[in-house]
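What follows is a short report on a single structure.
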Amino acid sequence: MERKRRHEPDAGVFPRHATHTEIGGPFVRTVQHWIAGKATAGTADRTAPVFNPATGAQQAEVLLGSQADVGAAIAAAGEAFPEWSQTSLTKRAKVLFAFRELVNARAQEIAELITDEHGKVLSDALGEVQRGLEVVEFACGIPQLLKGEYSDQVSAGVDTYSFREPLGVVAGITPFNFPAMVPMWMFPVAIACGNTFVLKPSERDPSASLKLAELWREAGLPDGVFNVVHGDKVAVDTILDSPDVAAVSFVGSTPIARYIHQRGTANGKRVQALGGAKNHAIVLPDADVEFAADHLAAAAFGSAGERCMAISAAVAVGSAADAVVEAVNDRARAVRVGSGRDAASEMGPVVTREAQQRILGLIDAGESQGAKVTVDGRGFAVPGYEDGFFVGPTVLDRVTTEMDVYQQEIFGPVLSVVRSDDVDQAIALVNANPYGNGTAIFTSSGEAARRFQRGVHVGMIGINVPVPVPMAFYSFGGWKDSLFGDKHVHGPEGVSFYTRAKVVTARWPHVSHASDASFHFPTSK
């Protein structure tokens with residue numbers, strides 16, 4: 001299809017980093033890269049469509065970066081690194097504070113970009129921006145976070161001290177489900193530590209990352225310290241293979257996380273790769289069923305289930321099972337589903353038509369394999385948005401661990417209910433699952449909760465809290481197939497990931513003292 005391009009005058013956020021393209025009639029935006037402090041089309045000759053999930057219509061196209069485009073972003077970051085890494089901690093913190101104020105002031109604008117491209121409701125998008133801001137606020141304390149240690153007189157006239165230095169050019173490869181928050185889990189800490197950053201966001205919802213780049217420039221960040229390059233596997237592999245990239249952070253599915261970790265570490269990089277999840281919530285007979293059902297529904301259907309911390313499996317223990325299913329069914333039927341721009345909506349569409357069809361296929365498989373569909377979200381349509389990518393809230397009861405709907409990460413508004421005889425069997429079920437991202441328990445028993453938190457092999461645990469995402473001053477990460485690498489993201493482990501330690505042993509001898517040099521291995525005196 002022939003494409004005709006035209007230039008339009010600057011009139012807001014998009015024209016600063018977008019051209020417009022005519023595809024079969026209406027003009028759509030072309031989302032560009034951000035390299036060395038400005039928008040650029042680069043050399044790419046490939047694009048991908050960006051849809052509005054509520055309407056099903058294409059609203060933009062995003063450039064898919066070539067090896068040359070990614071190389072240009074890495075080179076810009078490399079050129080900026082020497083000066084930025086030597087910038088004082090107080091000046092870095094000042095830029096972080098300015099960025100924080102700008103993001104806070106433009107939160108509504110960023111959230112609208114997210115809603116229009118991801119589909120989540122606006123209130124949820126605003127919550128995403130807020131959780132990202134918390135990491136920026138954490139990074140504003142970088143002078144305190146990079147303090148080293150000092151030991152005086154470890155030997156006669158000898159002192160030892162340590163400090164941490166940035167790695168160099170680092171990269172983030174981030175998913176569609178949190179186009180603002182997950183990048184902000186990475187780049188504020190990396191940049192505060194003195195690194196320069198190349199972000200490869202999801203091509204499904206790319207505009208929020210460019211808005212953040214624009215705000216970095218307004219905050220006074222030097223050109224080249226933060227770069228955005230869009231793309232697919234070509235861009236990812238170029239990052240992983242580049243000898244000029246020191247470290248890579250990734251959030252996405254487990255197969256891709258494994259691939260990122262293997263290829264990145266084979267090329268000598270430091271890698272943290274967060275993978276998929278199958279998050280369980282155990283409901284014990286002593287739990288408040290109404291309270292548990294409220295939170296199960298919110299955790300399963302919020303953001304249409306497209307959260308790596310969504311509850312997708314409820315483990316109903318003993319006599320709690322029937323009451324839990326009935327209460328969750330009531331909540332599922334009551335969820336208000338619609339366009340993310342509609343203030344009355346509690347849940348929007350899923351991100352693409354392909355995602356919608358995959359989720360519907362898994363519901364079909366669960367039913368054919370013996371699960372009971374107690375609330376059916378198939379065939380769901382929103383008046384006025386019949387072409388949108390909607391799947392209604394769905395509950396499947398009597399799911400077993402052999403079923404596809406249990407074994408696969410659905411990433412949609414589907415809650416599977418698995419029945420268990422007691423808490424120990426429920427803990428064993430959680431531990432047998434290959435994922436270990438998040439889990440929760442609903443109970444009024446402190447003893448059961450303590451047994452649960454000590455017994456499950458999972459990185460993040462909620463007690464009467466279904467989505468236990470840690471605050472920014474802790475670190476986020478799972479176990480088993482939910483994490484490849486030994487460092488969690490943001491928080492103290494984020495600072496550790498983006499820096500490396502130096503230890504200095506020093507003496508300043510008096511010129512009149514005789515040398516005590518020896519061929520023996522040095523020991524203290």
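The values are calculated or read from the model by the stated rules, or taken from the named source; none is laboratory data. No experiment lies behind these values; they were computed from the predicted model shown. Cβ: placed from backbone, ideal geometry, glycine included. Neighbour counts: every protein chain shown.
Taking segment 328-344 as the range and being surrounded by 13 or more Cβ atoms within 10 Å (Cβ to Cβ), among the hydrophobic types (A, V, I, L, M, F, W, C) and either modelled with pLDDT under 95 or farther than 17 Å from Ile311 by Cβ (or both) as the test, only Val337 passes. Hey, could you check segment 353-387 for residues that are within 25 Å of the chain's Cα centre (by Cα) and more than 14 Å from Gly305 (Cβ to Cβ) and say which is surrounded by the fewest Cβ atoms within 10 Å (Cβ to Cβ)? It comes out as Glu354. Here Pro179 fits the description: surrounded by 18 or more Cβ atoms within 10 Å (Cβ to Cβ) and closer than 28 Å to Ala39 by Cβ.
Of all residue pairs spaced 6 or more apart or on separate chains, those with beta-carbon atoms under 8 Å, a first member in segment 258-278 that is on the phi > 0 side of the Ramachandran plot and a second member that is surrounded by fewer than 22 Cβ atoms within 10 Å (Cβ to Cβ) are Gly268/Pro243. Is it the case that segment 289-302 has a residue that's assigned to a loop (DSSP other than H, G, I, E, B), assigned by TED's automatic domain parsing to the domain that holds Tyr406 and in contact (Cβ under 8 Å) with a residue 60 or more places away in the chain? No; the residues of segment 289-302 include none that is assigned to a loop (DSSP other than H, G, I, E, B), assigned by TED's automatic domain parsing to the domain that holds Tyr406 and in contact (Cβ under 8 Å) with a residue 60 or more places away in the chain. Just wondering, is there one or more residues in segment 487-494 that are out of contact with any strand residue (DSSP E or B) (no Cβ under 7 Å at 6 or more places or on another chain), at pLDDT 95 or above and farther than 30 Å from Val169 by Cβ? No: zero hits.
Evaluated against (1) in a loop (DSSP other than H, G, I, E, B); (2) in contact with a strand residue (DSSP E or B) (Cβ under 7 Å, 6 or more places away or on another chain); (3) in the same structural domain as Glu402 (by TED's automatic domain parsing), Gln453 falls short on exactly one condition, (1). Tell me whether segment 112-135 contains one or more residues that are crowded, with 18+ Cβ neighbours inside 10 Å, farther than 24 Å from Val469 by Cα and in contact with an Asp or Glu (Cβ under 9 Å, 6 or more places away or on another chain). There is at least one residue in segment 112-135 that is crowded, with 18+ Cβ neighbours inside 10 Å, farther than 24 Å from Val469 by Cα and in contact with an Asp or Glu (Cβ under 9 Å, 6 or more places away or on another chain).
Given the criteria farther than 20 Å from Phe497 by Cβ, surrounded by fewer than 17 Cβ atoms within 10 Å (Cβ to Cβ), out of contact with any Pro (no Cβ under 9 Å at 6 or more places or on another chain) and not assigned by TED's automatic domain parsing to the domain that holds Phe411, does Gln144 qualify? Considered against the rule, which asks whether it is farther than 20 Å from Phe497 by Cβ, surrounded by fewer than 17 Cβ atoms within 10 Å (Cβ to Cβ), out of contact with any Pro (no Cβ under 9 Å at 6 or more places or on another chain) and not assigned by TED's automatic domain parsing to the domain that holds Phe411, Gln144 comes out as no. His17 fulfils the conditions (1) closer than 30 Å to Ala139 by Cα; (2) at pLDDT 75 or above except for a single criterion, (2). Of all residues in segment 444-456, none are among the basic types (Lys, Arg), under 18 Å from Phe250 (Cβ atoms) and in contact (Cβ under 8 Å) with a residue 24 or more places away in the chain.
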